[in-house]
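Student: Before we start, here is the structure in question, set down as structure tokens.
The values are calculated or read from the model by the stated rules, or taken from the named source; none is laboratory data. What you are looking at is a predicted structure, and each value in this text was computed from that prediction instead of being measured. So basically every Cβ, Gly included, is an ideal-geometry build from the backbone, and we count neighbours across all protein chains shown. Just the protein is used for accessible areas: all its heavy atoms, side chains included, with ligands, DNA and RNA removed. Shrake-Rupley method; radii C 1.70, N 1.55, O 1.52, S 1.80 Å.
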Amino acid sequence: MLMNRTMKDIAVFGVGAIAVLYLINPTFGMFEFIPDNIPLIGNLDEVGATALLIGALRYYGVDLSHLFKRDSQDTVR
């Protein structure tokens, strides 16, 4: 059971690391799954990488969901 947990930890860390590298984009846009100049769907690959990164961070206890919630005092009346 400990081996399965360790393998899962390594896999989640790897997915998070790949997502960070993809978002940093050290190739300056030369390597992308979906080119950004395609209207409406060009940035979906970055959205997916961000979702994977947020999921990996949440797995390790860094929950960023409070940043996306609206406070009751922030609502427009």
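Student: Give just the number: which of (1) surrounded by 11 or more Cβ atoms within 10 Å (Cβ to Cβ); (2) modelled with pLDDT of 80 or more does Ile38 not satisfy?
Tutor: All conditions are met except number (1).
Student: Here is a follow-up. Please verify whether the stretch 19-33 includes one or more residues that are farther than 21 Å from Leu57 by Cα and in contact with a helix residue (DSSP H, G or I) (Cβ under 8 Å, 6 or more places away or on another chain). Reasoning before the result, please.
Tutor: Let us first name the residues in the stretch 19-33 that are farther than 21 Å from Leu57 by Cα, namely 26-33.
Now narrow it down to the ones that are in contact with a helix residue (DSSP H, G or I) (Cβ under 8 Å, 6 or more places away or on another chain): 32-33.
Yes, the conditions are met somewhere in the stretch 19-33.
Student: Name the single residue that is nearest to Lys8 (Cα to Cα) among those in the stretch 20-74 being small (Gly, Ala, Ser) and assigned to a helix (DSSP H, G or I). So that I can check it myself, show each step before the final result.
Tutor: Keep residues of the stretch 20-74 that are small (Gly, Ala, Ser), which gives 29, 42, 48-49, 51, 55-56, 61, 65, 72.
Narrowing the set further to residues that are assigned to a helix (DSSP H, G or I) leaves 48-49, 51, 55-56, 65, 72.
Values: Gly48: 20, Ala49: 19, Ala51: 18, Gly55: 13, Ala56: 11, Ser65: 22, Ser72: 38 Å.
If we take residues in the stretch 20-74 being small (Gly, Ala, Ser) and assigned to a helix (DSSP H, G or I), then Ala56 is nearest to Lys8 (Cα to Cα).
Student: Right, another one. Name every residue in the stretch 48-71 that is open to solvent by 90 Å² or more (accessible area, probe 1.4 Å) and at pLDDT 85 or above, in order of residue number.
Tutor: Leu52, Arg58, Tyr60
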